[in-house]
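First up is the structure itself, then whatever we jot down about it.
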Amino acid sequence: MEEQAASSRARIVLLSCILFNATIGVLYAWSVIQRKLVTPLETNGFAWSSSQAGAPFSLAVIVFAAAMLFGGRLQDRIGPRWIVTAGAVFTGLGFILSGLVGNSVVGITLSFGVLSAIGMGFGYACVTPPALKWFHPTQKGLISGLIVGGFGIAAVYYAPLTDGLLNSFGISGTFTVLGAVTLIIGVCLAQFVQNPPSSYVPAAPRGATSSDQKPNAAPSNDVSWKDILGTRRFLMLFMMFLLASSVGLMVIGNITKIAATQAHISDSTILAFLVSFLAFTNTLGRVAGGQMSDKIGRVNALFVTFILQMLNMAAFAFYRNLPTLILGIIVVGFCFGTLLSVLPAMCADQYGLRNFGMNYGILFLAWGFSGVVAPVFANFMFDTTGNFYTTYIFCALSMAGMIVVNYLLKRDLEASSLGNSRL
């Protein structure tokens, strides 16, 4: 009976974490808002430049990652519930303030790019650690994939919702409505996010073999953040996270602009669909990629991801109609999603769960820095040349480099007596 009750609580925590991420995942719908920001004033836009419209997103990515670091540290000390609650409040208030400041580049950049991003970082940092603690170590890839998948799936409904709100209430009204909804729902869901009791031992999944039930290659039970900084292994993980996520964020932040300029798609409904479809493939990659890494190993899953993304970026300039663009979106979304489920699982494998919030928060800074690599470079090149072709070449070369780094990581893990078959 106690085991059944614990299993039920574990599922409630997992579902709450997934739904919370789905609530604060409005970051990935920015592409829809960005397109409206650059339209002329006479069509109810704000007449911003591409660089101005991209600034809140880029700043939000950086602040999001920095907030994850502090949020993860706090949840390691006091537990996740109140940090997640604060995340919902900050996210909602940031959107509401973005609606109140009107047509202000500085105002929206600070409200969305700082306050809302802090909230998203706090929440995102504190939902994965407790959920992983409720489930068996052999399910790390799947559980982390489901949770981060909640964040990715948000754009599936936020994109059409945002498009409809923009048409009905304008930019400022859209920010206000999204903020209120995020605040109310997020605070309610946060109350169910909690760690298991200290004596809790998760049951092994059905069909697991004795070898599967061993911990996933953690160098020790729990490694402190001070012990991982500066190590070659951590630096390789950081570099792969930085450049691989740059590619995904570049496309996510600019997909409507790419479709409009490269495939000559102007229908707002189709553009919103592309944002939603990218979010769907992103989510699919998080869940399927996490499961794939549980089966074939984290490093092998990253090899698949980097090779597919390199080939995709090399061909992206030739995607000049809707069918080929959809093909490119499938690969980008799947690869980006896989990255975001494999790396937290690998972090837990290597450094344990007790300090996971802080350790993964530091690793996740790479994702924040990625917001100023490919996305900013892409906007600069677009303002200069009117296309993203140079950016695609940069992304393809980055992925080629990451294949080499991943090979070196594989060699490092194989040379270590602490590695095992899951790596």
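The values are calculated or read from the model by the stated rules, or taken from the named source; none is laboratory data. Quick caveat, the model's predicted, so the values are computed rather than measured. All Cβ positions, glycine included, derive from the backbone under ideal geometry; neighbour counts span all protein chains shown.
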**Request:** State all residues of the range 283-303 that are closer than 21 Å to residue 30 by Cβ and either out of contact with any helix residue (DSSP H, G or I) (no Cβ under 6 Å at 6 or more places or on another chain) or not in a helix (DSSP H, G or I) (or both); if no residue qualifies, say none.
**Result:** 284
**Complete:** Exception for residue 146 within (1) more than 14 Å from the chain's Cα centre (by Cα); (2) of a type in the set (A, V, I, L, M); (3) crowded, with 22+ Cβ neighbours inside 10 Å falls at (1)
**Request:** Quick one: residue 155 ticks every box in (1) surrounded by fewer than 24 Cβ atoms within 10 Å (Cβ to Cβ); (2) among the aliphatic types (A, V, I, L, M); (3) touching a Gly at 6+ places or on another chain (Cβ under 7 Å) except a single one, so which number is it?
**Result:** (1)
**Request:** Kindly provide the set of residues from the range 223-282 that are without any contact (Cβ under 8 Å) to a residue 60 or more places away in the chain, among the polar types (S, T, N, Q) and touching a helix residue (DSSP H, G or I) at 6+ places or on another chain (Cβ under 9 Å), ordered by number.
**Result:** 266, 281
**Message:** Can you confirm whether residue 39 is outside any helix (DSSP H, G or I), hydroxyl-bearing (Ser, Thr, Tyr) and under 29 Å from residue 388 (Cβ atoms)?
**Reply:** yes
**Message:** Testing residue 214 on (1) out of contact with any helix residue (DSSP H, G or I) (no Cβ under 7 Å at 6 or more places or on another chain); (2) surrounded by 13 or more Cβ atoms within 10 Å (Cβ to Cβ); (3) farther than 25 Å from residue 20 by Cα; (4) at pLDDT 75 or above, one condition comes back false. Which one is that?
**Reply:** (4)
**Request:** Check whether at least one residue in the range 361-373 is closer than 20 Å to residue 258 by Cβ, surrounded by fewer than 23 Cβ atoms within 10 Å (Cβ to Cβ) and at pLDDT below 90, and report yes or no.
**Result:** yes
**Request:** Keeping to the range 47-61, report how many residues are surrounded by fewer than 21 Cβ atoms within 10 Å (Cβ to Cβ) and not small (Gly, Ala, Ser).
**Result:** 3
**Prompt:** Got a sec? Which of 343, 302, 308 is surrounded by fewer than 22 Cβ atoms within 10 Å (Cβ to Cβ), within 26 Å of residue 255 (Cβ to Cβ) and either modelled with pLDDT of 95 or more or under 17 Å from the mean Cα position of the chain (by Cα) (or both)?
**Reply:** 308
